[in-house]
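J.: This structure is in structure tokens; I'll ask about it shortly.
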Amino acid sequence: EETYTNITQKCWEVFVDLMRNVTASELCEWKVISRPYSLLQACLEGWADHLRYGYPNALAEQYIFQSHHRYFHNCTLEHQVYFDPPEDVLLAMIIAPICLIPFLVTLVIWRSKDGKAQ
């Protein structure tokens, strides 16, 4: 565990060093921060696997949370966030097709018995 603790500290130091090259206006741009962030995650996960420590783990999560708190806490989503519809709308969307299927089956059976072969 001590070995992993020391290595994760090195992973963090590399991440902080890479983030020094990122300006404040670029902190929320994924194409800019994806490389350092992905390297941090790969370092934490790779060494955990190598040392058979297990991933995710509390120490790795601590560094991920620390990165978000330190660098990305002011980032907001630019895209609209979609939520589930209200329950009454959702219920109608579920029940309508369920009720429609027996009606259509009945209609097909009724039309096939009633009509002559053409």
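J.: Can you spot a residue in the range 11-33 that is among the hydroxyl-bearing types (Ser, Thr, Tyr) and closer than 16 Å to SER67 by Cβ?
T.: No, that holds for no residue.
J.: Further question: What helices (runs of 4 or more DSSP H) completely inside the range 15-118 contain at least 1 residues that are closer than 30 Å to TYR4 by Cβ and not hydrophobic (A, V, I, L, M, F, W, C)?
T.: Hits in the range 15-118: 30-50, 58-71.
J.: Which residue is modelled with the highest pLDDT, if the candidates are limited to the range 65-118 and must be surrounded by 10 or more Cβ atoms within 10 Å (Cβ to Cβ), under 30 Å from TYR37 (Cα atoms) and aromatic (Phe, Trp, Tyr)?
T.: By that ranking, first place goes to PHE65.
J.: Looking at LYS10, is it loosely packed, with under 11 Cβ neighbours inside 10 Å and either part of a helix (DSSP H, G or I) or within 18 Å of the chain's Cα centre (by Cα) (or both)?
T.: Numbers: loosely packed, with under 11 Cβ neighbours inside 10 Å: no; either part of a helix (DSSP H, G or I) or within 18 Å of the chain's Cα centre (by Cα) (or both): yes.
Judged against the criteria, LYS10 is not a match.
J.: Taking only the range 52-64 into account, find how many residues are in contact with a Phe, Trp or Tyr (Cβ under 9 Å, 6 or more places away or on another chain) and open to solvent by 80 Å² or more (accessible area, probe 1.4 Å).
T.: 1
J.: For the range 27-51, give me each residue that is touching a helix residue (DSSP H, G or I) at 6+ places or on another chain (Cβ under 8 Å) and open to solvent by 60 Å² or more (accessible area, probe 1.4 Å). Lay out the reasoning, then the answer.
T.: In the first step, residues of the range 27-51 are kept if they are touching a helix residue (DSSP H, G or I) at 6+ places or on another chain (Cβ under 8 Å); the result is 27, 32-33, 35-37, 39-41, 43-45, 47-48, 51.
Residues satisfying the conditions are ARG35, LEU39, GLN41, GLU45, TRP47, LEU51.
The values are calculated or read from the model by the stated rules, or taken from the named source; none is laboratory data. Keep in mind that what you see is a predicted model, and the values were worked out from it rather than measured. No Cβ is skipped: glycine too gets one built from the backbone with ideal geometry, and neighbour counts run over all protein chains shown. Each accessible area value is taken on the protein alone, full model and side chains, heavy atoms only, with ligands, DNA and RNA left out. Shrake-Rupley method; radii C 1.70, N 1.55, O 1.52, S 1.80 Å.
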